[in-house]
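K.L.:
This is the structure I have questions about; it appears just below.
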Amino acid sequence: MDFTLTEEQRLIVDTVRAFVEKELYPHEDEVERLDEIPPELAGQIRTKAIAAGLYAANMPAELGGGGLDAVSLVLAERELGRASYALQMLVERPSNILQGCNEDQRNRYLIPAIRGERHDCVAMTEPGSGSDIRSMSTTACRDGGDYVINGTKHFISHADVADFIILFAATGPEITQSGPKKKITAFLIDKDCAGLTVTRGPGCVSNRGYHQCELSFTECRVSAGNLLGEEGRGFELMGQWLGATRLTVAATSIGRARRVLDAVTGWAATRKQFGQPVGRFQGVGFQLADCATQLEAAELLTLKAAAKCDNGTMTDADAAMAKLYASEMLGRMTDTAVQIFGGMGLMSRFPAERWWRDARVERIWDGTSEIQRHIIARSLLRPYGG
Ligand SMILES: Cc1cc2nc3c(=O)[nH]c(=O)nc-3n(C[C@H](O)[C@H](O)[C@H](O)COP(=O)(O)OP(=O)(O)OC[C@H]3O[C@@H](n4cnc5c(N)ncnc54)[C@H](O)[C@@H]3O)c2cc1C
């Protein structure tokens, strides 16, 4: 086993780190205050990310993307994860699922997304269907050469700034090994489609400037040419790419945790009480030691899952363990950091309270911690017929 980064991987880390520090950090306070990224600023950051070759790093090189393997992508996303989420998401990685596009869809959706000309969002969750995604009630009914869509999605990230939606809808029942279920199909929907309304959702405790929306479909008609993949195979398509998406959450959590640990260690080394730096008190030093150890463990777990992704052996459980452990580690780390910063940790002019709030969502989106544990337990029990 060789843990040394290649020359290319080191270059990726250095380039992304420099971009984050120069182009993203300076805007964090403004985004936090406004709960918005001014559109001109968003455009400038995207343009710079494209010029720096950082955009669409997850997409195949032959289509104009960065063509990074999973390990390199985790390293890049780890560095991006240091910055506040709304800003780092301007260095876009279009949804992996778009790789399921056919030739025509590539030209209309995937390639413009890789070039930064169009932006996607993914709509699965509904008010009545969260973890149990297959219970969704949004329907797409075939009508001649079209599908007619009705239903409501909520919590859909950045639908306010997206140009098109990767929508999952039920297209009828099917019999599966575990009984009758809804047949789920993926569609590509332009946001200006008649019958679709997008409204911003309630304010969220995490990630100011990055909004989630409600989508309402009323007799929204799309051509069968907008079907992504095969009819009824949306669940499989989602599953094919979910692992890689979960590695993104893990990588982001690791990058953020590294920044938090650096900041809180610096504080503990200089903040004096009772005549000595607080980090010298065992009660504080041991907390830092636990944070550092858990961060290292999360990073190794995530890089191992990514290496398995690259050699085609990553399982759902590998990705679930990385997402679960890294996101929970970040939650513990940010809480510990606030404690070590003391009262200052709760003040809004200090980033610790933001890191603490922002960390919370990582344990919920892209499958809650409980769902990750469910996936891991299922993989343990499977060989025993459980
Ligand atoms: C800020 C934000 C952005 C989001 N962005 C998107 C997006 O872009 N696109 C999208 O489609 N979705 C998005 N989501 C939705 C997100 O993926 C869901 O919130 C998540 O999957 C959980 O669903 P839920 O909130 O309905 O909770 P529920 O599924 O109702 O769960 C409630 C609780 O029950 C637990 N639970 C549920 N089932 C089980 C089980 N089998 N075993 C044990 N415990 C269980 C859960 O872990 C949780 O603690 C976003 C959510 C947030 C908060």
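K.L.:
Taking only protein heavy atoms and a 1.4 Å probe, what accessible area per residue, in Å², does segment 288-386 have with all protein chains in place?
P.N.:
That works out to 50 Å² per residue.
K.L.:
Give me the accessible area per residue for segment 176-256, probe 1.4 Å, as a whole number in Å².
P.N.:
43
K.L.:
Any idea what the relative contact order of segment 91-135 is, in percent, if you count C-alpha pairs under 8 Å spaced at least 6 apart?
P.N.:
Result for segment 91-135 is 34 percent.
K.L.:
Excluding ligands, DNA and RNA, what is the solvent-accessible area per residue of segment 1-83 at a probe of 1.4 Å, expressed in Å²?
P.N.:
52
K.L.:
Leaving ligands, DNA and RNA out of it, report the carbon-plus-sulfur percent of the accessible area of segment 181-284 at a 1.4 Å probe.
P.N.:
52
K.L.:
Can you tell me the alpha carbon radius of gyration of segment 8-48 divided by the globular rule-of-thumb value 2.2 N^0.38 Å?
P.N.:
Taking N as the residue count of segment 8-48, the ratio is 1.34.
K.L.:
Which lysines have a Cα less than 23 Å from the Cα of residue 191, not counting those fewer than 8 places away in the same chain?
P.N.:
153
K.L.:
Any idea how far apart residue 384 and residue 271 come out in nm if each label point goes 7 Å out from Cα toward Cβ?
P.N.:
In this crude label model, residue 384 to residue 271 measures out at 4.5 nm.
K.L.:
Of all accessible surface on segment 38-88 at a 1.4 Å probe, what whole percent is carbon and sulfur?
P.N.:
Percent of accessible area from carbon and sulfur atoms in segment 38-88: 56.
K.L.:
Here is a further query. Suppose only helical runs count, i.e. DSSP H with n ≥ 4. What mean residue ellipticity at 222 nm does that imply for the chain under -39500 (n - 2.57) per run, divided by all residues and rounded to the nearest 500 deg cm²/dmol?
P.N.:
The helix-only estimate for the chain comes to -14000 deg cm²/dmol at 222 nm.
K.L.:
Hey, another quick one. Identify all aspartates and glutamates with a Cα-Cα distance to residue 22 below 14 Å; exclude those on the same chain that are fewer than 8 residues away in sequence.
P.N.:
Counting by Cα, and skipping residues close in sequence, residue 22 has these aspartates and glutamates nearby: 14, 79.
K.L.:
Which distance in nm do the two modelled labels at residue 160 and residue 146 give, with both placed 7 Å along the Cα-to-Cβ direction?
P.N.:
Using points 7 Å along Cα→Cβ, the separation is 3.0 nm.
K.L.:
At 1.4 Å probe size, with the rest of the protein present, what percent of the exposed accessible area of segment 297-350 is carbon and sulfur atoms?
P.N.:
Answer for segment 297-350: carbon and sulfur cover 58 percent of the accessible area.
The values are calculated or read from the model by the stated rules, or taken from the named source; none is laboratory data. Computed from a predicted model, the values in this text were never measured in an experiment. Cβ sites come from the backbone with ideal geometry, for glycine too, and all protein chains shown count toward neighbours. Areas reflect the complete protein model, heavy atoms only, side chains present, ligands, DNA and RNA absent. Shrake-Rupley method; radii C 1.70, N 1.55, O 1.52, S 1.80 Å.
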